[in-house]
Amino acid sequence: MISREPTLERLAVAKTLLLDPFGLDEAKIAHALRVIGEHRIDDADLYFQYTRSEGWSLEEGIVKSGSFGIDQGVGVRAVVGEKTAFAYSDDISEGALLDAARTVRSIAAAGQSRRVKLAGSPRMARSRVLYAPMDPIATLDSTAKVALLEKVEKLARARDPRVAQVMAGVAAEYDVVLVARADGTIAADVRPLVRLSLTVIAEQGGRRETGSGGGGGRFGLDYFQDDVIARYVDQAVNAALTNLESRPAPAGEMTVVLGPGWPGILLHEAIGHGLEGDFNRKGSSAFSGKVGRRVAARGVTVLDDGTLPDRRGSLNVDDEGNTSQRNVLIEDGILRGYLQDSMNARLMKVKPTGNGRRESYAHVPMPRMTNTYMLGGDKTNAEIVASIKKGLYATNFGGGQVDITSGKFVFSASEAFWVENGKILYPVKGATLIGNGPDALTRVKMIGNDLSLDSGVGTCGKEGQSVPVGVGQPTLRIDGLTVGGTA
């Protein structure tokens, strides 16, 4: 059997699902782009997408719901200066495509710009091979998916008699995209995505507390073997049992140590969004105009890396057909650059960074994070915790909010401990971290050597669009953060 080069293989899959059934080919796509280009534009693209998804959930030992969906369509975009004309349709036909192209052309006609050069022949975009082009839904049959959830529940209940309730869910998505740009670039990607999640409720003496666990990535459902499931169950049950013993959290300004992995969500929200190109082009970010300047303590290096194999936030190509990259945003405390899509990169006279992302064909792309994390340092977790005279050790987070312009953030810790004289005394509940992202970066005093990424559960929202992302960090000590507590 002769296998094709992976980029050609993905393109063939995309054509089979998105072009051939509707009588479309590269010539008709080029014609639609020429229609858009009859008026002055800076850029234009067509974004075809086919998505098939499936989900199962179990509660009280019973499969309570199952879902299955198919969505497909095309988004048509023209860019004039900093303005975007956009139309989309769930009808992938030549007629619908040309109607959308004419609509976009009419909207774009009101703008003042140059005429983009339309390529005469297509050229294939460079891309990576970060995950297998599989349909993850087909990697387990329905019986096996139900059995997987039943196993999760059985393990969680067996873990401790205080576990009163278990809710588990498994989801899989098969996403195929095809991007055609006015400059002749054509790119395709086949994106598997799976996730297993569980929440447990533990009860003791009339008190009930919850804990959660789970993970996933760009692979098949057969990833969830017994050792992986056991790890997720331990995470969820341990969190619930810890919270059963928690006391009200103290309040005030104090030293805070953030654990490795998922606590990187604070880095993502409080700092990552502020490094996206659109906010900085408009001057609305706390990091605007600071490239080349110190914005963090020495030793702080922050990356956004869309090239990590099998990770939830990784992409072979972004949603504009640009190859994903490993972008150094902050290096040893110095700001090196921003995350860019094509439009903001053009307006800021820099190159795209492979961060043009959109939720679906019905949305416009914008600069978004992929896998955002801080590199490790030279301290052990034990050394950093032992350095706390009086303070908080936060190992897991729930929700949070951030103001991009000011950098101010508020985050709730779902699992945290009170520490005195280097000793963990007891778990606390109700701790809220309050601070300013750029300021917090300058207050980093110790960086652990235990960098880890989250287990594959992150979803990022921006301007009404949600995309899968990854976060990570080593253990960090930050001095002088404000903790809002309940004590």
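The values are calculated or read from the model by the stated rules, or taken from the named source; none is laboratory data. Everything numeric here is computed off the predicted structure, so don't read it as measured data. FYI the Cβ positions are ideal-geometry reconstructions off the backbone, even for glycines, and counts take in every protein chain you see. Note: accessible area is taken over every heavy atom of the protein model, side chains too, but ligands, DNA and RNA are not part of it. Shrake-Rupley method; radii C 1.70, N 1.55, O 1.52, S 1.80 Å.
Among the strands (runs of 3 or more DSSP E) confined to region 24-117, the ones with at least 2 residues that are more than 30 Å from residue 214 (Cβ to Cβ), of a type outside the set (S, T, N, Q) and open to solvent by 70 Å² or more (accessible area, probe 1.4 Å) are located at 83-89.
Kindly indicate which of 422, 407, 430, 391 is within 20 Å of residue 460 (Cα to Cα) and either touching a strand residue (DSSP E or B) at 6+ places or on another chain (Cβ under 6 Å) or small (Gly, Ala, Ser) (or both). Being within 20 Å of residue 460 (Cα to Cα) and either touching a strand residue (DSSP E or B) at 6+ places or on another chain (Cβ under 6 Å) or small (Gly, Ala, Ser) (or both) holds for just one of 422, 407, 430, 391, which is 407.
Against the numbered list (1) more than 27 Å from the chain's Cα centre (by Cα); (2) within 24 Å of residue 245 (Cα to Cα), residue 211 comes up short only at (1). Being surrounded by fewer than 22 Cβ atoms within 10 Å (Cβ to Cβ) and farther than 23 Å from residue 57 by Cβ is a property that residue 129 has. Contact map, region 424-451: residues that are without any contact (Cβ under 8 Å) to a residue 24 or more places away in the chain paired with residues that are in a strand (DSSP E or B) and β-branched (Val, Ile, Thr), Cβ distance under 9 Å, separation 6+ or inter-chain. Pairs shown: 425/419. Scanning region 397-413 for residues being surrounded by 19 or more Cβ atoms within 10 Å (Cβ to Cβ) and either over 18 Å from the mean Cα position of the chain (by Cα) or not aliphatic (A, V, I, L, M) (or both) gives a total of 5. Considering only region 461-481, I want to know if a residue exists there that is among the aliphatic types (A, V, I, L, M) and open to solvent by 40 Å² or more (accessible area, probe 1.4 Å). Checking region 461-481: not a single residue is among the aliphatic types (A, V, I, L, M) and open to solvent by 40 Å² or more (accessible area, probe 1.4 Å). Every condition in (1) open to solvent by 10 Å² or more (accessible area, probe 1.4 Å); (2) at pLDDT 95 or above; (3) out of contact with any Ser or Thr (no Cβ under 9 Å at 6 or more places or on another chain) is met by residue 319 except one, and the failing one is (1). Residues that are acidic (Asp, Glu) and surrounded by fewer than 19 Cβ atoms within 10 Å (Cβ to Cβ): does region 191-207 have at least one? Yes - at least one qualifying residue is present in region 191-207. On the given criteria, is residue 252 within 19 Å of residue 455 (Cα to Cα), in contact (Cβ under 8 Å) with a residue 40 or more places away in the chain and of a type in the set (Gly, Ala, Ser)? Taking the combined requirement at face value, the residue does not satisfy it.
Pairs under 6 Å by beta carbon, first residue under 17 Å from residue 475 (Cα atoms) in region 263-282, partner among the β-branched types (Val, Ile, Thr) and modelled with pLDDT of 95 or more, six or more apart or different chains? From region 263-282, the pairs are 264/471; 265/471; 268/372; 268/471. Scanning region 208-238 for residues that are open to solvent by less than 10 Å² (accessible area, probe 1.4 Å) and more than 24 Å from residue 308 (Cβ to Cβ) yields a total of 4.
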